[in-house]
1. Of the options 23, 56, 92, report the single residue whose Cα projects farthest towards the positive end of the charge dipole of the stretch 1-122 (beta-carbon charges: Lys, Arg +1; Asp, Glu -1).
2. Over all directions, average the projected area of the Cα convex hull of the stretch 193-243 and note it in nm².
3. Under a point-charge model restricted to the Cβ atoms of Lys and Arg (+1) and Asp and Glu (-1), what is the dipole moment magnitude of the stretch 66-292 relative to its Cα centre, in debye to the nearest 20?
4. Enumerate the amide H contacts of residue 209 below 5 Å, restricted to partners 5 or more residues apart or on another chain; note that Pro and chain-start residues carry no placed amide H.
5. Fewest first, what order do 331, 77, 313 take by the number of other Cβ atoms within 10 Å?
6. Residues with beta-carbon under 11 Å from that of residue 17, excluding residue 17: net charge, scoring Lys, Arg +1 and Asp, Glu -1?
7. Could you let me know the centre-to-centre spacing of the stretch 240-277 and the stretch 133-148, using Cα atoms, in angstrom?
8. Provide the per-residue ³J(HN,Hα) series for the stretch 49-65, in order, calculated from phi with Karplus coefficients 6.51, -1.76, 1.60 and θ = phi - 60°, each as a whole number of Hz, with x at glycine and proline positions.
Amino acid sequence: MAIAKHIRDAMESSSWIRRMFEAGIELKQERGASNVFDLSLGNPIAEPPQEFRDELRKWAENPKRGMHRYMPNAGFYETREAIAKGLLNETNISYQPSHILMTVGAGGALNCALHALCDPGDQVIIFRPFFAEYQFYANNHSAEAVPVDCDSQFLPDMDDLASKINSRTKAVIINSPNNPSGVIYNEDTIASIADLISHCSSRLNIEPYIISDEPYRKILFDSLSYAFPQKAYSRTISVTSHSKDLALAGERIGYAAVHPDDPDASLLMDALVFSNRVLGFVNAPALMQTLVARLQNVTVDIADYELKRNILYKGLSDIGFELVKPQGAFYAFPKAPIQDELSFINSLYDNGVLVVPGRGFGLSGHFRISYCVENSVIEQALPIFEKVYKEFTLT
Ligand SMILES: Cc1ncc(COP(=O)(O)O)c(C=O)c1O
């Protein structure tokens, strides 16, 4: 067998989301798509905003010479300038184009950051439940992802964080709003994480980065605002994309932003640009860079996601599910009525509802619902949740 053993092992243990996706295709073929309620994938049904189409048309009709060629690996200057200005407005931190790397989505940005930071055997801290790809991304760069527990509200357990930071810690990944829980970290939580990392850094003589993975930064509910980790910690690399806020997941456009006050900002940017090149991304898609430069203040309809959250949260709470109210993104992470969430979600599957088991995110006993679907799908799934919940709780 020519395939590398570590890849075979990783494929074996990997992605519950993919497994559910494939199982979903089978179920839809068997029962018809309208009888299957797929809440497994974070692939929004929202279409990009009109402003995106206007930009697309404008550039198709009036192309600029060279706009589809190679460019500096960091990306087009004008796009980086627009992003730096946007970040300056939002954070009051003096971002310049020289602090921005255009990337192939947040996934590309995360891989560039980990490639730039990690030597073999280094550790990257992640908070459980976590976006499953973090483990594989760390392994891509011969590093190890180390999970830290959260409390019942899915906020980091500071004692566990303190116990996991050691001389091999290179980065702590924060993901707010969170996939899979929908929880956001407020300023106090961010400040506690930052203080703890700073404290451990001086004691251990290390300089770990916060990698703030923020593709859902603009999808916030209940008039909450986003707490920027870079305001509390200067060794912060923000990584994000327009996959979710502009519904452009398939177009693969995102960026990494290095904090201007990081004493190593210039060297880190060089390392990120180099990583973007040698990982084979070369540069982020040129057309998308041109388009998003003018769309930094535009988003999909966030109120629509909030409405979906409300329908789902009320429906599940009324049934009796224990769940933390999601404050952003488009996921919920309820407790299954039994610790072995697999038998619960298998039963949901038999009744036509697809969700992802919590163990896919490092936390059994829960399951993830992705509600970036039509309202009618949520509404039709709720009575099935109720039926299966009762089967498990009334016996
Ligand atoms: C937490 C988190 N980080 C990163 C990504 C990757 O996003 P992108 O499409 O920008 O690569 C996702 C995608 O679902 C995500 O949920």
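FYI, it's all coordinate maths here, none of it is from the lab. This structure is a prediction, so every number in the text was calculated from the model and none was measured. So basically every Cβ, Gly included, is an ideal-geometry build from the backbone, and we count neighbours across all protein chains shown.
1. Going by the Cα projections, it comes out as 56.
2. The number I arrive at for the stretch 193-243 is 4.0 nm².
3. 640 debye
4. Distant-sequence amide H within range of residue 209: 171, 172.
5. Least crowded to most crowded, the residues run 77, 313, 331.
6. So the surrounding residues net to +1.
7. Using only Cα atoms, the two centres lie 19 Å from each other.
8. x, 4, 4, 5, 5, 4, 4, 4, 5, 4, 6, 5, 7, 10, x, 9, 4
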